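Step one of this worksheet: look at the structure below.
The values are calculated or read from the model by the stated rules, or taken from the named source; none is laboratory data. Note that the structure is predicted; figures quoted are calculated from it, not measured. Here Cβ is always computed from backbone atoms with ideal geometry, including for glycine, and neighbour counts include all displayed protein chains.
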């Protein structure tokens, strides 16, 4: 009996101590981690898409509720007006989700560009979707609300050689972006007025 | 029973160098050593966990009842792994992106649990500390070496600098998973050959 109590006691104390330590650390690093995510993954992609904008899109951002989740939108100001937004969507790649940030010009619904952010695709094959600009550049200047697909499926986008599934995932994400854009446009326009100086 | 502290430290560097001699903890060895930086980063993370868990297990070795010792070890190891994960996200985010899922998987690295069970639970704190440190550094060196070989041949670069010039066509097979097995096997063979005499 004594041994039993000792076992329970040791495990309980150990677990609660570890739980407390981790909770404290998590609280302490949370802000820093969010910042790092923005800086390292989304930031560079957004800057590439909204190239030449006059503001810092990472600072000028807002959130819009979409069903149960919230989506972040990053604002790009051109010629003094908030003309463009960038936001992230996901498609299904070869190994898990592929994150794509899409930039949209609000005046005519054309895409400024697309950039792949987070992915687990095969290095040297599927990862070209992120590293090789000639693939994502196909999306530039197309209308975001179109539907996109790779050419083997009868679509309009050249797939990366050897990485059809990844390419398909990116097309899926961009198509999804078009749907989100259609759905949330009134709300986006309303929010953008805040950035109109 | 207790040998000199220097012996405990030194054995991890050659005589019992983890991946090659003990052949323990192969999952991260194979998966993350696509480049020198990844290998060393993973090695350092594991070293931190190894040293901290060895110290704590050794400190608590008289308190932990032997029937639940494995559970206690796992709690201790998991706590330190989460600490590493959070710290890495906050301060070395690019490395975290590269290593991804393999950071939480340090929990189930046999090497860490193996040292806690086979060494730290039976030996005084200073010896456990030097054992952990030695094993960790040996692990880091092995991962670094494997990473460097794979990076040089597989992508023709080392730490981002081109090694062979632009005419070199990278042998990408080594960067992919099967290449890791081949590379590890060859290095094991070389190590066995070198220490045979």
Selection over region B:163-187 where residues are away from chain A (no Cβ under 14 Å), within 12 Å of residue B:153 (Cβ to Cβ) and in contact with a helix residue (DSSP H, G or I) (Cβ under 7 Å, 6 or more places away or on another chain) yields a count of 2
Selection over region B:19-33 where residues are touching a helix residue (DSSP H, G or I) at 6+ places or on another chain (Cβ under 6 Å) and assigned to a loop (DSSP other than H, G, I, E, B) yields a count of 4
Out of (1) more than 7 Å from chain A (Cβ to nearest Cβ); (2) in contact with a helix residue (DSSP H, G or I) (Cβ under 7 Å, 6 or more places away or on another chain); (3) at pLDDT below 90, the one residue B:66 does not meet is (2)
### Message
I'd like to know if region B:99-106 contains one or more residues that are at the interface with chain A (Cβ under 8 Å from one of its Cβ atoms), without any contact (Cβ under 8 Å) to a residue 24 or more places away in the chain and within 16 Å of the chain's Cα centre (by Cα).
### Response
yes
Residue B:80: passes all of (1) more than 10 Å from chain A (Cβ to nearest Cβ); (2) under 20 Å from residue B:134 (Cβ atoms); (3) in contact (Cβ under 8 Å) with a residue 24 or more places away in the chain but (1)
For strands (runs of 3 or more DSSP E) lying entirely in region A:76-137, having 1 or more residues that are surrounded by 20 or more Cβ atoms within 10 Å (Cβ to Cβ), modelled with pLDDT under 85 and touching a helix residue (DSSP H, G or I) at 6+ places or on another chain (Cβ under 7 Å) picks out A:81-92, A:111-116
query: Within region A:163-173, can one find any residue that is within 14 Å of chain B (Cβ to nearest Cβ), touching a residue at least 12 places away in the same chain (Cβ under 8 Å) and surrounded by fewer than 18 Cβ atoms within 10 Å (Cβ to Cβ)?
result: no
Residue hits (region A:121-160; over 18 Å from the mean Cα position of the chain (by Cα) and within 14 Å of chain B (Cβ to nearest Cβ)) are A:122, A:123, A:124, A:125
Checked against (1) crowded, with 22+ Cβ neighbours inside 10 Å; (2) modelled with pLDDT of 90 or more; (3) within 13 Å of the chain's Cα centre (by Cα), residue B:48 satisfies every condition except (1)
Turns out the helices (runs of 4 or more DSSP H) fully within region B:41-155 with at least 1 residues that are within 24 Å of residue B:185 (Cβ to Cβ) are B:93-99, B:110-115, B:125-155
